[in-house]
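The values are calculated or read from the model by the stated rules, or taken from the named source; none is laboratory data. Bear in mind that the values here come from a model prediction, so they are computed numbers and not experimental data. Methodologically, a virtual Cβ is constructed for each residue, glycine included, from the backbone with ideal geometry; neighbour enumeration extends over all protein chains shown.
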Amino acid sequence: MEPDGWMIVGLDTNFYSIAGVQIHDGTLLGQPAAVRFTPVQWRWAYGDGASAKYGTPGSAWASHGILEFDPTPTSHVYATRGTYTITLTIDFRAEYQFAGQSWTRISGLLAVPANELVATVGDAKTVLVERDCAQNPGGPGC
């Protein structure tokens, strides 16, 4: 999450996951076998009663080319101060491959919980910015 471990009431907090395709190889009945897990859905529970479901893991503010506290497709805004536990469940699609044959999809999704985040939301009376709010009304904290 960005910022890491803290949020400001009324400003966007950016949530994202680093999860990719995983392939586990082995041997079954003396033949090569593999299982491939592909993340397809990210389910966030923000700890304040709100939740969201996305088809993307999200990404850091820098990779979006935007400033801190700018909204992202996976950001969330907290309305009140407090300490919140944020949970993420990633749903994976599974496929298997046996003896060099093509991949075969396994029905259903595998829900895997990620590590929990605990973060504190506070108020900001001032924010250091390049320009004041009169010059940049859309700046953070304005």
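So for the stretch 113-126 (the condition being under 30 Å from PRO32 (Cα atoms) and touching a Ser or Thr at 6+ places or on another chain (Cβ under 8 Å)), does at least one residue qualify? Scanning the stretch 113-126, I find at least one residue that is under 30 Å from PRO32 (Cα atoms) and touching a Ser or Thr at 6+ places or on another chain (Cβ under 8 Å), so the answer is yes. In this structure, PHE92 qualifies as among the aromatic types (Phe, Trp, Tyr), touching a Phe, Trp or Tyr at 6+ places or on another chain (Cβ under 6 Å) and touching a residue at least 12 places away in the same chain (Cβ under 8 Å). Each residue in the stretch 1-36 was checked for being within 30 Å of VAL77 (Cα to Cα), surrounded by 14 or more Cβ atoms within 10 Å (Cβ to Cβ) and aliphatic (A, V, I, L, M), and 6 pass. Regarding THR38, is this residue modelled with pLDDT of 95 or more, in a strand (DSSP E or B) and closer than 21 Å to GLY10 by Cα? In short, no. Residue pairs whose Cβ atoms lie under 6 Å apart, sitting 6 or more positions apart in sequence or on different chains, and linking a residue in the stretch 35-51 that is touching a residue at least 12 places away in the same chain (Cβ under 8 Å) to a partner that is part of a strand (DSSP E or B) and of a type in the set (Lys, Arg), are THR38/ARG93; VAL40/ARG93; ARG43/LYS53. Is one or more of the residues making up the stretch 67-86 among the hydrophobic types (A, V, I, L, M, F, W, C), out of contact with any Pro (no Cβ under 6 Å at 6 or more places or on another chain), within 16 Å of ALA114 (Cα to Cα) and in contact (Cβ under 8 Å) with a residue 40 or more places away in the chain? Yes.
Every residue in the stretch 37-55 that is on the phi > 0 side of the Ramachandran plot and surrounded by 14 or more Cβ atoms within 10 Å (Cβ to Cβ), please. Result: GLY47, single match.
One residue stands out among those in the stretch 84-118 that are among the acidic types (Asp, Glu) and either in contact with a Leu (Cβ under 9 Å, 6 or more places away or on another chain) or under 13 Å from TRP42 (Cα atoms) (or both): the one that is modelled with the lowest pLDDT, which is GLU116.
Among the residues here, ALA33 qualifies as touching a Gly at 6+ places or on another chain (Cβ under 8 Å), part of a strand (DSSP E or B) and small (Gly, Ala, Ser).
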